[in-house]
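The values are calculated or read from the model by the stated rules, or taken from the named source; none is laboratory data. All of these numbers come straight from a predicted model, not from anything done at the bench. In this analysis, Cβ positions are derived from the backbone assuming ideal geometry, glycine residues included, and neighbour counts consider all displayed protein chains.
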Amino acid sequence: MCVGSMNVHAAEPRTPNAERQVGSSSPFDGLKKTYSEVNSLEAAFHQKIFIASLKKERTFEGDFFYKRHKGFLWKYRTPKVKFFLYDGKYMWQGEDEKPFVVKERIRKEKTTGTFLDLIEDIARMDELFTLKQQSVAGSLEVLEIVPKKDSTANAAKIWIDKQNVVRKIEIHEFTGNINTIEFSAVKINQGVDDGRFIYRPEKGREIVER
């Protein structure tokens, strides 16, 4: 499942289409069903972060990997090579330029509602978020959502294609920062090697535990 360039037009409010309404008790149902059936996912991502305090925007490129019961990996290629790896117990963070890797024991709940664990959050969308508005942008449906509990995010928008696959997320943080991630080359249930979710110590790099 590959995505070319994404042209997102101005969104206009609309009534959810009939396909989503039939036998559906929640506007999140189609999305939840798709992501609850995801056993593995691989995608490229383009990320933009607007930093409110600096009034500057930074861009990043990388790859996202997920495997049920194994973990997830955000692997950045540009502007610096770095990673965030969750192996089900620990979060590992490292950058090529740094002589150490941070290892932090994480309770699963800590990743909930942050979109760090993208698949799990989407599969539990109606538990975590309230729908504020539905709209359409080109061929994509847009959901504007707000968290039900206190979170680093004040609000978010999600762009979804006709296969109920998320193509773009925009997160508005309480700091004023805006984090936008677009996905392409999405591969669902095509297998991801278990080895991606295991951190292997590297010679000359210290492991710093938090």
Considering E120, E127, E97, E109, which residue is more than 18 Å from T180 (Cα to Cα), modelled with pLDDT under 95 and in a loop (DSSP other than H, G, I, E, B)? E97
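The rows are residues; the columns are (1) within 17 Å of A185 (Cα to Cα); (2) among the charged types (D, E, K, R); (3) touching a strand residue (DSSP E or B) at 6+ places or on another chain (Cβ under 9 Å).
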residue: A43; (1), (2), (3): yes, no, yes
residue: A52; (1), (2), (3): no, no, yes
residue: K56; (1), (2), (3): no, yes, yes
residue: F60; (1), (2), (3): yes, no, yes
residue: K70; (1), (2), (3): no, yes, yes
residue: V81; (1), (2), (3): no, no, yes
residue: Y86; (1), (2), (3): no, no, yes
residue: K89; (1), (2), (3): no, yes, yes
Of the numbered conditions (1) at negative phi; (2) buried (at least 16 other Cβ atoms within 10 Å of the Cβ), F115 fails exactly one; give the number of that condition. (1)
Residue pairs, Cβ under 6 Å, 6 or more apart or interchain, first in the stretch 51-73 and acidic (D, E), second in a strand (DSSP E or B). List them. E57/K48; E57/F50; E61/H46; E61/R77; E61/T78; D63/A44; D63/K75
Among the residues of the stretch 178-198, is there at least one that is surrounded by fewer than 19 Cβ atoms within 10 Å (Cβ to Cβ), free of Cβ contacts under 8 Å to residues at least 24 places away in the same chain, in contact with a strand residue (DSSP E or B) (Cβ under 7 Å, 6 or more places away or on another chain) and of a type outside the set (V, I, T)? no
Residue tally, condition among the acidic types (D, E) and in contact with a His (Cβ under 9 Å, 6 or more places away or on another chain), over the stretch 123-173: 0
All positions within the stretch 139-175 that are of a type in the set (A, V, I, L, M, F, W, C), assigned to a loop (DSSP other than H, G, I, E, B) and crowded, with 18+ Cβ neighbours inside 10 Å: V165
Name the single residue that is farthest from E97 (Cα to Cα) among those in the stretch 20-79 being of a type in the set (A, V, I, L, M, F, W, C) and in a loop (DSSP other than H, G, I, E, B). V22
Looking at (1) farther than 23 Å from E57 by Cα; (2) surrounded by 19 or more Cβ atoms within 10 Å (Cβ to Cβ); (3) of a type in the set (A, V, I, L, M); (4) touching a residue at least 60 places away in the same chain (Cβ under 8 Å), can you tell me which one V136 breaks? (2)
